[in-house]
Amino acid sequence: MTKNNTKLPNGSKAPAFLQMMQWIVNPLSMMSECAKRYGDIFTLCLGEKYAPVVFVSNPIALQEILTGDSTKQFSAPGEQNGIFEPLVGKYSLMTLSGVQHQRQRQLLTPPFHGERMRSYTQVISDITEEVMGELQIGKSFSVRDITQGITLRTIIKAVFGLYDDKRAKTLEGFLNAMVNNSSSLGGVIMLYFPVLQKDWGAWSLWGKHLRRTEQIDQLIYQEIESRRQEQADLSRTDILSLLMSARDEAGESMTDQELRDELLTLLIAGQETTATALAWALYWIHKLPVVQEKLLQEIDSLGQDIDATAINKLPYLNAVCCETLRIYPVGMLTFPRVVETPVNLCGYDLEPGTILYGNIYLTHHREDLYPEPHMFKPERFLARQFSPYEFLPFGGGVRRCIGAAFAMFEMKVALVKILSECSLALTDNRDVKAGRRGLVTAPASPIKMVVTGKRISSTTSSVDKEASNFSINKL
Ligand code: HEM
């Protein structure tokens, strides 16, 4: 790396307000244009009060940042994630810093890994069957709605365990509305411009958000209260029970506000992202017949049982999921990291206080790592192993996504269930591109599909296309 002693890397010269608007409306093309013009590192004015922030898509620099984000060199302060606060509160894993953040991570990581995670195989499979069962053969549906149904019901079950159906359904409805509200263009503008976060009444955008949040809070607090009333049930493994039994060094348990913020974080972060990834996977699989055929062959090799270990071992399924998260990563960027002591990155001397973002989208579109980066090619993940700084859909370092393993697992189980039981088709062959949805990315236009029949054996030609007018759960 050569040194040029500039304080901040080059970047857009457009007025800061215009940069912000372009970032809100069209972030992916903005980043691609900047990468063409400025390379692996550039500056945009998108921070609080249009402060400059530096985007990095060089794997060596990313390794330096993400392996050093809990050292004296860099930090990952929760205050920098203030944009999430109106959604998840100030005691969320996303907004906490330092020791408190570390402690909450230690508590929340195990339920989404290992045996605990694998115990969700049947739950995910049953919920997928239930959601797919609501579809009618021959009637088109929005893929995102279906995948959101799967991931939302799954995370509600993981968070609350055995959960009263009526309450779960009400919560599902409110959460869906909250996420959809904050994902609209108006909702995003409000998140980026806190000055607009004013309650102008029940019909205003922010007013709706506040009222919806109140309804969700009420349900969560009721659930916490009714758990308190119950006798401690040691057999419960859901996350609420786990959090309620946790004690800090002083023997104190979490307050209701802390519990609420953490639960809401998981309910929101745990469904939106995976729902989008699953929707993209279904799109690519049905867009590209070769991919579909190879995947069906591999899934058929499983036989009747949906077994967690066997599913996790399927190489092509894994490659399809990785390529899905590479080509349109749901999280465009890592959370911000801050320079703590002077550092040279990609030839630039950066001062303490400089805000850095790992640019996941641009790293995943580097020609040197991923030739023909705009083509969907799962084979890349079979041909070589990428480092955690070349392929990083879940970020890295001290804030690496705690749901990474769970999200991959959920995608795989749901895909195996859907593909092995029903035959789907896209309603048209047009290309769908990615665009902003809230603070993440998603298909820019709805992906529509139709159930064409049930699958009765290994190949697509054996799909029973005669079967009609019945729902999938009757298969
Ligand atoms: C395909 C699905 C998902 C994607 C692409 C994704 C992506 C990400 C990314 C990029 C980050 C920031 C990491 C960083 O700054 O280094 C993150 C953080 C986080 N994710 Fe995910 N995520 C997904 C699913 C999930 C699930 C299923 C859960 C919960 C069960 C979850 C919970 C979280 C939490 C709590 C954080 C904050 C971690 C912290 O601040 O310490 N995510 N995720």
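Annotations for the structure displayed:
- Selected residue (only one of 389, 370, 361 is crowded, with 19+ Cβ neighbours inside 10 Å, closer than 30 Å to residue 282 by Cα and in contact with a His (Cβ under 9 Å, 6 or more places away or on another chain)): 370
- The test for being over 16 Å from residue 441 (Cα atoms) and assigned to a loop (DSSP other than H, G, I, E, B) holds for residue 304.
- Residue match in region 59-67 (condition: touching a residue at least 12 places away in the same chain (Cβ under 8 Å) and assigned to a strand (DSSP E or B)): no
- A single member of 404, 319 is over 27 Å from residue 9 (Cβ atoms) and either surrounded by fewer than 19 Cβ atoms within 10 Å (Cβ to Cβ) or in contact with a strand residue (DSSP E or B) (Cβ under 6 Å, 6 or more places away or on another chain) (or both), and it is 404.
- Criterion violated by residue 370 - all others in (1) within 16 Å of the ligand (Cβ to nearest atom); (2) under 27 Å from residue 409 (Cα atoms) satisfied: (1)
- None of 106, 80, 102, 22 is within 12 Å of the ligand (Cβ to nearest atom), outside any loop (DSSP other than H, G, I, E, B), free of Cβ contacts under 8 Å to residues at least 12 places away in the same chain and on the phi < 0 side of the Ramachandran plot except 106.
- Contact map, region 375-398: residues that are among the acidic types (Asp, Glu) paired with residues that are more than 16 Å from the ligand (Cβ to nearest atom), Cβ distance under 7 Å, separation 6+ or inter-chain. Pairs shown: 390/369.
- Looking at region 150-238, the helices (runs of 4 or more DSSP H) lying wholly inside it that each contain 2 or more residues that are touching a residue at least 60 places away in the same chain (Cβ under 8 Å) and within 16 Å of the ligand (Cβ to nearest atom) sit at 165-183.
- Considering region 392-427, the residues that are of a type in the set (Lys, Arg) and closer than 17 Å to residue 310 by Cα include one that is nearest to the ligand (Cβ to nearest atom), namely 412.
Each value in this text was obtained by applying a stated rule to the coordinates, not by laboratory testing. For clarity, every value in this text was computed on a predicted model and none was experimentally measured. All Cβ positions, glycine included, derive from the backbone under ideal geometry; neighbour counts span all protein chains shown.
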